[in-house]
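First up is the structure itself, then whatever we jot down about it.
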Amino acid sequence: MGRIITITSGKGGVGKTTTSANLSASLALAGKRTIAVDTDIGLRNLDVVMGLENRVVYDIVNVAEGAVSLEQAWIKHKRVQGLYMLPASQSRNKNAVSVNDMKRIGQELKQKFDYVIIDCPAGIEQGFQNAIAAADEIIVVTTPEVSAVRDADRVIGLLENASKEKLQLIINRLKPAMVKRGEMMSTGDVTEILAISLLGVVPDDEKIIVSTNCGELAIFNPASVAGKAFKTIARRLLGEEVVAPRPVEASVNGAGVMNKLKHFFFGANDTHPA
Amino acid sequence: MNLLDFIFRRNGSSSSETAKNRLKLVLIQDRSSLPASLLDTLRDELLRVISKHVKVDKGDIEVSISRAQNYNTLVVNVPFRAPKRQLRKLATVTE
Ligand SMILES: Nc1ncnc2c1ncn2[C@@H]1O[C@H](COP(=O)(O)OP(=O)(O)OP(=O)(O)O)[C@@H](O)[C@H]1O
Ligand SMILES: [Mg+2]
């Protein structure tokens, strides 16, 4: 029996799809049969982030309606052995799939995969209810910003009410240099407020855009600090104890002369991502 | 915090601290927010229980929530006339 992990956030655009794609691929690379499921019906995106957009034929709505089998709808990744993706429908609306459909699909996928990673749409409506329905575990993604953390808190409240007990947090797009200058909330600030266990921290990384431009995943770009963080997080999911790597050099670049000076005088900072 | 951070941080507070404090305040409200219908339901049920013992009018019951830093208080204000039994007694006396 596999593990179903839903990636959710409340607020939109904080990195759920990026996280789902990179964690799924990392798990597959670790030898785990993994499927990434896009439940953002009407706003399909996981396909382009994973570079699979040209191969979509059927989608999750076709499966929910019983028109096609899961095997017909999922797409096998060519580069990563053991990695699959089940696309969302682009033309239908969120009510085309019900909580019961999702439970049934989840149960079936669990029999066939070690990991089922569900990419949840933004918001707390039907799409969210669907995405969490079958989840054994939840990863809440936030950025260190007031509105994102507030929405994450709301979602955590809803998940607790829905008796989802295994909740973990990923803080995405952290800028260590800003944290150091006191201009961005730190990992400690966010975890203190949300009070769920921290799975990992992903630094803000321009190279993510380069990756998505090409439908490549950040984990395959050796220069991507975010890619590195996603790989670390996947290892934690697999049960390894991974300590945070050395502070990310990129975080000091472009942080202005004063910070470079500080860096020179006082050495690397202690705001470790990942 | 190191020396230069200290020097360059004007008047000791930073925008990240402001963010954290604002979040804490807004979350106190968010976390205690109750469905709007709850106060109505409470008023109806309280009325039912209390009127077994004393005479109250629905319109007189005030139910509200008072928020403080760390806890909330349910404030129920029920003006009533007199216990039912006394009312009955009084009635017989005046007859
Ligand atoms: N660590 C990061 N560094 C830089 N950019 C990032 C990072 N993570 C995500 N992004 C960018 O942020 C944008 C939103 O990311 P993504 O689509 O993963 O968010 P989402 O939560 O799935 O959004 P939605 O709520 O719309 O589904 C994308 O342009 C993505 O490239
Ligand atoms: Mg998304």
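The values are calculated or read from the model by the stated rules, or taken from the named source; none is laboratory data. Predicted model only: the values in this text are computed from it and were never measured. Note: ideal-geometry Cβ built from the backbone for every residue, glycine included; neighbour counts use all protein chains shown.
A few notes on this one:
- Scanning the stretch A:183-222 for residues that are exposed (fewer than 15 other Cβ atoms within 10 Å of the Cβ) and within 12 Å of chain B (Cβ to nearest Cβ) yields A:E183, A:G188, A:E192, A:A195.
- Residue pairs whose Cβ atoms lie under 7 Å apart, separated by 6 or more positions or on different chains, with the first residue in the stretch A:201-221 and free of Cβ contacts under 8 Å to residues at least 40 places away in the same chain and the second surrounded by fewer than 18 Cβ atoms within 10 Å (Cβ to Cβ), are A:K207/A:A223; A:N221/A:K207.
- For the stretch A:70-87, the criterion of a residue being more than 16 Å from ligand 1 (Cβ to nearest atom), polar (S, T, N, Q) and not in a helix (DSSP H, G or I) is satisfied by at least one position.
- The number of residues in the stretch A:151-167 being surrounded by fewer than 20 Cβ atoms within 10 Å (Cβ to Cβ) and part of a helix (DSSP H, G or I) comes to 5.
- Evaluation of A:V48 against the conditions (1) buried (at least 19 other Cβ atoms within 10 Å of the Cβ); (2) under 16 Å from the mean Cα position of the chain (by Cα); (3) closer than 24 Å to A:A122 by Cα shows that the sole unmet condition is (1).
- Conditions (1) among the hydrophobic types (A, V, I, L, M, F, W, C); (2) touching a strand residue (DSSP E or B) at 6+ places or on another chain (Cβ under 9 Å); (3) within 14 Å of chain B (Cβ to nearest Cβ); number of the one not met by A:M178: (2)
- Single residue of the stretch A:151-177 satisfying the filter (free of Cβ contacts under 8 Å to residues at least 24 places away in the same chain and on the phi < 0 side of the Ramachandran plot) that is nearest to ligand 1 (Cβ to nearest atom): A:G157
- Per the listing A:I132, A:I124, A:I170, A:I139, the residue uniquely part of a loop (DSSP other than H, G, I, E, B), within 16 Å of ligand 2 (Cβ to nearest atom) and either closer than 23 Å to A:S24 by Cα or out of contact with any Phe, Trp or Tyr (no Cβ under 7 Å at 6 or more places or on another chain) (or both) is A:I124.
- Scope the stretch B:1-29; condition modelled with pLDDT of 60 or more, outside any helix (DSSP H, G or I) and at the interface with chain A (Cβ under 7 Å from one of its Cβ atoms); matching residues: B:S14
- A:S89 being away from every other protein chain (no Cβ under 14 Å), within 16 Å of ligand 2 (Cβ to nearest atom) and over 23 Å from A:V210 (Cα atoms): yes
- The residues on offer are A:K11, A:K16, A:K32, and the sole one that is among the basic types (K, R), within 12 Å of ligand 2 (Cβ to nearest atom) and away from chain B (no Cβ under 14 Å) is A:K16.
- Subset tally (residues that are in a strand (DSSP E or B) and near ligand 2 (Cβ under 9 Å from one of its atoms)) for the stretch A:35-52: 1
- Any chance A:E137 is modelled with pLDDT of 95 or more and either of a type in the set (G, A, S) or over 17 Å from the mean Cα position of the chain (by Cα) (or both): no
- Within the set A:R44, A:R33, A:R55, the sole residue that is under 26 Å from A:E216 (Cβ atoms) and touching a Phe, Trp or Tyr at 6+ places or on another chain (Cβ under 6 Å) turns out to be A:R33.
- Of everything in the stretch A:53-69 that is of a type outside the set (A, V, I, L, M, F, W, C) and part of a loop (DSSP other than H, G, I, E, B), the residue that is surrounded by the fewest Cβ atoms within 10 Å (Cβ to Cβ) is A:G66.
- Pair list, Cβ under 7 Å, 6 or more apart: the stretch B:30-51 residue within 14 Å of chain A (Cβ to nearest Cβ), other residue modelled with pLDDT of 80 or more: B:D30/A:R150; B:D30/A:D153; B:D30/A:R154; B:R31/A:G157
- Under the condition of being buried (at least 24 other Cβ atoms within 10 Å of the Cβ), among the small types (G, A, S) and near ligand 1 (Cβ under 6 Å from one of its atoms), the residues counted in the stretch A:7-22 number 1.
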